[in-house]
Amino acid sequence: MTDLILVLLASIGLTHIVVDGKIFEPVRKLAGKYLHENIAYIFSCYQCCGIYTSASVAWINYGNNLSKIILCAFAGSVLSNFMAIFMNYLEASTFINMPTDERK
């Protein structure tokens, strides 16, 4: 059970780094420039990217156990999307409650 939680948390973190991280910005730009738009979209969509990062992290952790990899991929996809929505909500709430002179 601890392995599953660790895999899912790592997947959410990796997804956030790939989609929004400054370190992956050049990769996203290159993907947008040289890859088909449907493939490049994976680097900007939390749910799309989440399924691949979760499958990768699960494969590293569980080896060739296909059922666990597939289940982790689907769970990671949903959780990555949920966390993106939740982080956007927190950011919007913080911005709304911020004094007007600090909004820049």
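Readers should treat all values here as calculations from the given coordinates under stated rules, not as data from a laboratory. Remember, it's a predicted structure, so these values are computed and weren't measured experimentally. Positions of Cβ are generated from backbone atoms using ideal geometry, with glycine treated the same way; all protein chains shown enter the neighbour counts.
Close contacts from segment 11-29, counting a first residue that is touching a residue at least 24 places away in the same chain (Cβ under 8 Å) and a second that is part of a loop (DSSP other than H, G, I, E, B) and of a type in the set (A, V, I, L, M, F, W, C), with Cβ to Cβ under 8 Å and a gap of 6+ residues or different chains, come to 19/45. A single entry from 58, 10, 31 fulfils the requirement of being closer than 24 Å to residue 88 by Cα, hydrophobic (A, V, I, L, M, F, W, C) and either surrounded by 16 or more Cβ atoms within 10 Å (Cβ to Cβ) or out of contact with any Ser or Thr (no Cβ under 6 Å at 6 or more places or on another chain) (or both): 10. Screening residue 40 against (1) among the hydrophobic types (A, V, I, L, M, F, W, C); (2) surrounded by fewer than 19 Cβ atoms within 10 Å (Cβ to Cβ); (3) within 14 Å of the chain's Cα centre (by Cα) leaves a single unmet condition, (3).
Scan segment 29-40 for residues that are out of contact with any Gly (no Cβ under 9 Å at 6 or more places or on another chain) and either assigned to a helix (DSSP H, G or I) or of a type in the set (Val, Ile, Thr) (or both) and jot them down. The answer is 29, 30, 31, 32, 33, 34, 37, 38, 39.
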